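Remarks on the structure that follows.
The values are calculated or read from the model by the stated rules, or taken from the named source; none is laboratory data. What you see is a predicted model, and the numbers here were worked out from it, not measured in a lab. Positions of Cβ are generated from backbone atoms using ideal geometry, with glycine treated the same way; all protein chains shown enter the neighbour counts.
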Amino acid sequence: KNPLVAFGAGKVILLGEHSVVYGYPAIAGPLSIGVVARGVPSRSCVLDVPVTADAAQKRMMRKAFARAARLVGEPKVKVTLEPQLPLSAGLGSSAALAVATSRVLLQAAGQAPTPKETARLAWEMEQEFHGTPSGVDHTTSAEEKLILYRRVQAPSGATGRARELKSPRPVSVVVALAGARSPTKLTVGALRERQARWPERYKRLFGQVGRLVTDAAKAVEAGDLEGLGDAMNVNQGLLNALGLSSPALEDMVFRLRSMGALGAKFTGAGGDGGAVIGLFSEPEPVVARLTRDGVRCFASQLAGPRAQGDIP
Ligand code: MEV
C-alpha cells in the first residue's frame, strides 16, 4: 500500500494578531512552505517526532498526537514529520504540523480530510500546543487561502468564521526574522494582564485594530496595495502601543520600509523578536539584498492571480 502523504501550510498574519484573541477580526494567509507528514502502516498508532525538535517540543507533539489519534479511533499508522519551516519562528509551524498530521490521521482512519474535518482535528492538537489560541493559525493552514478570520465560540466545535479574500493583484510579502523570538504564550499572557487591569483603554486599541482590518480587507479586494500597506503600518503602531514590540522588531520594520515596503509590521506574537513582514510589489530584489546582509528571509505570495509560492 502507498504511504499516505499530507501537507500543512505555515502562515503569516497580515493584520490583527493579538486582538484576534479577543474576538476582533484578523487577515492571515498561507505560506507555500510548512510541514509534510507521511504515514506508513504500523502495529499501533504512533508519531515519529522530528529530530530537530527539542525535548519539550517532542513531549508536546506526542501529547497532541495522542489526543487527535484517540478521536479518530487510533488507526494503525506511523506518522513521520518533515518540517520545512523553522519550528519556533512565529510562522505557524505548530498549526502546520497539526494540519499535516490531522490529514494523515483522517486518511488512515478512512475519512476524507476536508478543510472542515482537518481544521476540527487540528484544533484539538493546537490546544495542546497553545492552551487557548484564537484558531486563526490552523484555520489558515487548513483552508490554504488568504482569509478574513473572526473567532467565535460555536457549539459545533468550529473556532471561528473564515471568509476568503480574493485580490485582483498579487499580495506578496517579504518575511524576515529579527532578534530572539519570544514564546507566544508569554506575549499573549502579558497582554492579558494589562488588558484585565485597564480594560477600557485596551478595548479602544483592539477596536482600532479591528477597523484597520476591515479597511485592509476592502483594500485587498480592490487591489489597493497602497491602502493595505498603510493599514499595516498603522497596525504596527498600535501593536507597539499594546506593548508587543521591541527594538529588534522596530529596526527590521524600519529597514523594510526604507527598502520601499508599502507597509511593514511584525507578524504573530511579537516580543523580543520573531518574524517581520514587508509588503512589496517586487519582493525578489529585497530578499536578495537582505540575504546578502545576513538576514534570514524569504518571499511569499499570499493571494492574487497565479499564486506562485515562495522563493527560498
Ligand atoms: C499567533 O500566531 C497569533 C496570536 O494572535 C495568538 C493567537 O491568535 O492565538 C498572537
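The table below gives the values:
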quantity: Test for residue 276: is it away from the ligand (no atom under 16 Å from the Cβ), closer than 19 Å to residue 91 by Cα and buried (at least 19 other Cβ atoms within 10 Å of the Cβ); calculated: no
quantity: Residue in region 207-227 that is under 20 Å from the mean Cα position of the chain (by Cα), surrounded by fewer than 22 Cβ atoms within 10 Å (Cβ to Cβ) and within 16 Å of the ligand (Cβ to nearest atom) present; calculated: yes
quantity: Exclusive hit being in contact (Cβ under 8 Å) with a residue 40 or more places away in the chain, within 11 Å of the ligand (Cβ to nearest atom) and in contact with a strand residue (DSSP E or B) (Cβ under 9 Å, 6 or more places away or on another chain), set 9, 26; calculated: 26
quantity: Residues that are surrounded by 12 or more Cβ atoms within 10 Å (Cβ to Cβ) and assigned to a loop (DSSP other than H, G, I, E, B), drawn from region 39-51; calculated: 42, 45, 49, 50
quantity: The one condition in (1) in the same structural domain as residue 263 (by TED's automatic domain parsing); (2) within 11 Å of the ligand (Cβ to nearest atom); (3) at pLDDT below 95 that residue 191 fails to fulfil; calculated: (3)
quantity: Filtered residue count, region 116-146, keeping only those that are touching a Ser or Thr at 6+ places or on another chain (Cβ under 6 Å), among the hydrophobic types (A, V, I, L, M, F, W, C) and crowded, with 22+ Cβ neighbours inside 10 Å; calculated: 5
quantity: Out of 261, 248, 269, sole residue that is surrounded by 20 or more Cβ atoms within 10 Å (Cβ to Cβ), in contact with a strand residue (DSSP E or B) (Cβ under 7 Å, 6 or more places away or on another chain) and not assigned by TED's automatic domain parsing to the domain that holds residue 92; calculated: 261
quantity: Every residue from region 194-206 that is touching a helix residue (DSSP H, G or I) at 6+ places or on another chain (Cβ under 9 Å) and away from the ligand (no atom under 16 Å from the Cβ); calculated: 196, 201, 203
quantity: Count - residues of region 86-105 that are surrounded by fewer than 24 Cβ atoms within 10 Å (Cβ to Cβ) and aliphatic (A, V, I, L, M); calculated: 2
quantity: Of all residues in region 40-70 being farther than 18 Å from residue 95 by Cβ and in contact with a Lys or Arg (Cβ under 7 Å, 6 or more places away or on another chain), the one that is nearest to the ligand (Cβ to nearest atom); calculated: 48
quantity: Filter result (within 30 Å of residue 182 (Cβ to Cβ), surrounded by fewer than 18 Cβ atoms within 10 Å (Cβ to Cβ) and out of contact with any Cys (no Cβ under 9 Å at 6 or more places or on another chain)) within region 64-79; calculated: 67
quantity: Residue 136 being touching a residue at least 12 places away in the same chain (Cβ under 8 Å), within 13 Å of the ligand (Cβ to nearest atom) and closer than 17 Å to residue 217 by Cα; calculated: yes
quantity: Index of the failed condition, residue 109 passing every other in (1) touching a strand residue (DSSP E or B) at 6+ places or on another chain (Cβ under 9 Å); (2) more than 25 Å from residue 32 (Cβ to Cβ); (3) surrounded by 20 or more Cβ atoms within 10 Å (Cβ to Cβ); (4) at pLDDT 95 or above; calculated: (3)
quantity: Region 10-38, residues that are small (Gly, Ala, Ser), farther than 19 Å from residue 228 by Cα and surrounded by 24 or more Cβ atoms within 10 Å (Cβ to Cβ); calculated: 10, 34, 37
